[in-house]
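> First, the structure itself, so that you have it in front of you.
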Amino acid sequence: MIYESPDGGKTVYAREHGSSTRTLIRIDKSIEKTRRLMQRREHLLKICELAETNPTINDQLLKLEELYILVCDDKDD
């Protein structure tokens with residue numbers, strides 16, 4: 001078994017000698033958090049694009065935007 005870390009130990013992969021297939025062994029919590037945040041942003045972008053043609057998604061997105069404004073205004077006080 002060969003262990004590799006392309007980022008100095010934050011992410012660790014294992015692979016069999018001679019194989020290019022790697023298995024994730026460990027990932028730093030900050031990297032995982034960043035990955036989840038990026039994935040969520042991608043989903044939100046797709047939701048916004050879909051809302052342009054889907055009235056149900058658009059309605060829910062408008063409600064989310066209203067909630068966001070209410071929460072942000074509340075924090076500013």
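> Lys10 passes all but one of (1) at pLDDT 90 or above; (2) more than 14 Å from the chain's Cα centre (by Cα); (3) among the basic types (Lys, Arg); which number fails?
The failed condition is (1).
> Still on this model: Kindly state which strands (runs of 3 or more DSSP E) lie completely within the chain and contain at least 2 residues that are out of contact with any Lys or Arg (no Cβ under 8 Å at 6 or more places or on another chain) and either surrounded by 10 or more Cβ atoms within 10 Å (Cβ to Cβ) or of a type in the set (A, V, I, L, M) (or both).
Values: elements: 2-4, 11-15, 23-27.
Of the strands (runs of 3 or more DSSP E) lying wholly inside the chain, those with at least 2 residues that are out of contact with any Lys or Arg (no Cβ under 8 Å at 6 or more places or on another chain) and either surrounded by 10 or more Cβ atoms within 10 Å (Cβ to Cβ) or of a type in the set (A, V, I, L, M) (or both) span 23-27.
The values are calculated or read from the model by the stated rules, or taken from the named source; none is laboratory data. On a predicted model such as this, the values are computed, not experimentally measured, just so you know. Don't worry about glycine lacking a Cβ; one is built from the backbone with ideal geometry, like all the others, and counts go over all protein chains shown.
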